[in-house]
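Inspection log for the structure reproduced underneath, given as structure tokens.
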Amino acid sequence: MRKQIKNSIFILATTLILSGCAEQKVLEDIGLITTVGYDPVGKKIMSTMVVMQINPEAPQKIDVISSDALTSKGGRIEGNLKASKALQSGQLRVALYNEKLAKRGIRPYVDTLARDPSISDLTYLGIVEGSTKELLKHQYKNIPDIGQQLYNQIEQLTEKEQISNATLQSVQQSYFSEGIDPILPLIIRDGETIRVSGNAIMRNDKMVGKLTVEESFFVKLIRDEYNAGSIELTFDLKDDKGKKHTVTAVIDTIKNSSGLDLIEKNVPSFDLELKIKGRLLEVQGAIDLMNPKNVNLLEREIRKKMKEEIVDTIEYCKKRNSDVFGFGEAYRSSVRHANLTKSQWHQKYKHIQYDLKVDFSLLRTGITE
């Protein structure tokens, strides 16, 4: 009996060792694509792939390979001809699309990712202002791995709720939903750094406009619920003595709840109510916040400024017929047997009306200057 146990332990240990060796050999023979970017080149598509180096003795952590073909998968096949190891996409974390390509439509290139069982639904998608090839191939002084940098940057901005979630899964859901359009982060190379400059708003799978970081904040107020996030606002304020001040306030740790209700279906009309609470992190301006009246005035002016900015953002998106807010979802859930298609909703969306109410309150004051 003891001999059988020893034999079993020996076989198990041998199996683990051999399987470990086999895994190591496989990893040494493949190139793991962590990031890919797509640029239009005439009728072809240029695929630029950031490939992780598994070998710890390699002089560089990554290789960047570009190739063109009629399809994105064809680009990987062509790229494989330039690679020292077989390219695999199982570790893909970020997929980027050139702005010109996004205006033509990214559906075929998103669909091929969604159909690949080796690619995670949590892969981040983004639009690049300029060439994705140049962004990925540039030799950054302080960025040894551009793929890891992009992934970390998008992930932390998403977790801190400074940008909307734009994973493959969430973009697919918005695309296939009849009443909401996708929104993707805009990324640009700024010298030796990578910067998220705002968001691209889509109509179906086509980019139709750009929002600044500040405007994107107001989209998220309506579309999602905040538990974090921050924004800087500048506005004029008259204190309790009637003196006018130009004030810049930074609101942090924002929490909100939103209500979007359909009140008329023929010409879609909505009640939109936002309740927002935030901490005053910093304020620049000669205003005495030790006076409770001035704190109340500050709340009122922030409320007024937010309402103006939200209306401007909604009107901008309406003109481009992009419903990134989800008005169509509220319509569809309220009208029984609507059988609404995305095309039908876009026809209605251009004419929607809404009554906006903003309730803002300060939780507490933080740093003031």
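The values are calculated or read from the model by the stated rules, or taken from the named source; none is laboratory data. Values in this document were obtained by computation on a predicted structure and should not be read as measured data. Glycine gets a Cβ as well: all are built from the backbone with ideal geometry, and neighbour counts include every protein chain shown. Heavy atoms of the whole protein, side chains included, go into the accessibility calculation; ligands, DNA and RNA do not. Shrake-Rupley method; radii C 1.70, N 1.55, O 1.52, S 1.80 Å.
To the nearest 20 debye, what charge dipole does region 261-319 have about its Cα centre, counting +1 at the Cβ of each Lys and Arg and -1 at the Cβ of each Asp and Glu?
Values: 12 positive and 12 negative charges, 17 e Å.
The calculation lands at about 80 debye.
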(request) Go through K100/K350; K243/K318; K265/K318; K255/K348; K220/K350 and tell me which ones have a Cα-Cα distance over 28 Å in this structure. (result) K243/K318; K255/K348
(request) Place a +1 charge on the Cβ of each Lys and Arg in region 128-184 and a -1 charge on the Cβ of each Asp and Glu, then give the dipole magnitude about the Cα centre in debye, rounded to the nearest 20. (result) 320
(message) Can you compute the charge dipole magnitude of region 42-155 about its Cα centre, using +1 on each Lys and Arg Cβ and -1 on each Asp and Glu Cβ, nothing else charged? Give it in debye, rounded to the nearest 20.
(response) 400
(message) Tell me which of T234, Q162, L122 sits at the most positive position along the dipole axis of the chain, charges placed on C-beta atoms (Lys, Arg +1; Asp, Glu -1).
(response) L122
(message) How much accessible area per residue does the chain have, counting only protein heavy atoms and a probe of 1.4 Å, in square angstrom?
(response) 52
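Classify region 238-280 as rounded, prolate or oblate from the Cα gyration tensor: take a ≥ b ≥ c as the square roots of its eigenvalues, call it rounded if a/c is under 1.5, otherwise prolate when a/b beats b/c and oblate if not. Each step should come with its number before you reach the end.
Details: a/c = 4.30, a/b = 1.95, b/c = 2.21.
Taking the square roots of the gyration eigenvalues as a ≥ b ≥ c, region 238-280 is oblate.
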(request) Give the angle, between 0 and 90 degrees and rounded to the nearest 10, that separates the Cα long axis of helix 2-29 from the longest principal axis of the Cα atoms of the chain. (result) 70
(request) Pick out, from M207, S177, V219, the residue whose Cα sits farthest towards the positive end of the charge dipole of region 140-220, with +1 on the Cβ of Lys and Arg and -1 on the Cβ of Asp and Glu. (result) M207
(request) Calculate how many DSSP beta bridges within the chain are antiparallel, expressed in % of all such bridges and rounded to the nearest 5. (result) 70
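What full-extension length gain, to one decimal in nm, is calculated for T253 and N266 as 0.36 nm per residue of separation minus the Cα-Cα distance?
Values: separation 13, 0.36 × 13 = 4.68 nm, distance 3.88 nm.
Full extension of this stretch gives 0.8 nm more.
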(request) Return the percentage of antiparallel bridges among DSSP beta bridges fully within region 229-369, rounded to the nearest 5 %. (result) 70
(request) Quick one: Debye curve from the alpha-carbon atoms of the chain only, equal weights, vacuum; give me log10 I(q)/I(0) at q = 0.08, 0.11, 0.15 Å⁻¹ to two decimals. (result) -0.53, -0.85, -1.23
(request) Roll a 1.4 angstrom probe over the protein heavy atoms and tell me the percent of accessible area of the chain that is carbon or sulfur. (result) 49
(request) Report the one residue of L280, G79, I310 whose Cα lies farthest in the direction of the positive end of the charge dipole of the chain (charges on C-beta: Lys and Arg +1, Asp and Glu -1; origin at the Cα centre). (result) G79
